[in-house]
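Structure record follows, encoded as structure tokens.
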Amino acid sequence: MAELDKRGSIYSDRPRLEMGGELVGYKDTLVLTPYGPRFRRFRKHFARHLGTPTIMNQHNQLVEYETRQFLRRTLANVANLNSNLRKLAGGIIMRLTYGYKVQEGDDPFVTLIEGANDNLSAAIVPGAFLVDFFPALKRLPEWLPGMGFLNLAREWAKVTQNMIEVPYNYTKQQIVSDPL
């Protein structure tokens, strides 16, 4: 057991999910990035921007604002609690990550991210896709019976890529069009 404690990083890793990670593209996000230099770089950047109480205190005003918005939306319509919670989390994340203020009602970025996350949730259900048990299936031709998951994975991969690229490109456009 001492060996595992001492060298745990050598013997452990995140699961390799063929459908959700490899085919749908979540292997390129922090959620399913394997341990290694890239993961450590991600974690280092997160820690630098969110990892200390001093830094988190700088974001209190934003968190309080989004929380008040959440409470206002929930008081107006208690039945939408789950949607309001997602918008609360999305509002904080989008503002911290991209400087984007989530719109009232249906926000296109929140909708995009929720769609990608719904796809991931479906893709990682144990036993939902045989390719998770038999990775070689992803190399077979799509026209074979039972290979419909490849088309589904391609559609979901586009949504995942859009989840990554669309908010980023929007922010780049905002920076270029509105210099200080």
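The values are calculated or read from the model by the stated rules, or taken from the named source; none is laboratory data. Just so it is clear, the structure is predicted and the values come from calculations on it, not from any experiment. Reconstructed Cβ throughout: ideal geometry from the backbone, glycine too, with neighbour counts over all protein chains shown. These accessible areas exclude ligands, DNA and RNA; they are computed on the full protein's heavy atoms, side chains included. Shrake-Rupley method; radii C 1.70, N 1.55, O 1.52, S 1.80 Å.
Taking Leu75 as the residue in question, decide whether it is closer than 29 Å to Leu17 by Cα and without any contact (Cβ under 8 Å) to a residue 40 or more places away in the chain. Judged against the criteria, Leu75 is not a match. Out of the residues in the stretch 12-60 that are loosely packed, with under 13 Cβ neighbours inside 10 Å and among the hydroxyl-bearing types (Ser, Thr, Tyr), which is farthest from the chain's Cα centre (by Cα)? Only one residue fits best here, namely Thr54. When the stretch 134-162 is filtered for residues that are under 10 Å from Met19 (Cα atoms) and either among the hydroxyl-bearing types (Ser, Thr, Tyr) or in contact with an Asp or Glu (Cβ under 8 Å, 6 or more places away or on another chain) (or both), the ones remaining, listed by number, are Pro135, Lys138, Leu150. Among the residues of the stretch 147-169, the one identified as hydroxyl-bearing (Ser, Thr, Tyr) and surrounded by 15 or more Cβ atoms within 10 Å (Cβ to Cβ) is Thr160.
Taking the criterion of being open to solvent by less than 70 Å² (accessible area, probe 1.4 Å), of a type in the set (A, V, I, L, M, F, W, C) and under 21 Å from Lys27 (Cβ atoms), the only residue of the stretch 137-146 that qualifies is Leu137. Considering the stretch 95-127, and only residues there that are touching a residue at least 60 places away in the same chain (Cβ under 8 Å) and open to solvent by less than 50 Å² (accessible area, probe 1.4 Å), the residue that is nearest to the chain's Cα centre (by Cα) turns out to be Leu120. Return yes or no: is Phe70 open to solvent by less than 50 Å² (accessible area, probe 1.4 Å) and either basic (Lys, Arg) or over 27 Å from Asn169 (Cβ atoms) (or both)? Yes, satisfied. For the stretch 4-36, which positions are of a type outside the set (Phe, Trp, Tyr) and at pLDDT 90 or above? Scanning the stretch 4-36 gives Leu17, Glu18, Met19, Gly20, Gly21, Glu22, Leu23, Val24, Gly25, Lys27.
Going by the conditions given, is Val131 surrounded by 14 or more Cβ atoms within 10 Å (Cβ to Cβ), closer than 25 Å to Asn169 by Cα and not hydroxyl-bearing (Ser, Thr, Tyr)? In short, no.
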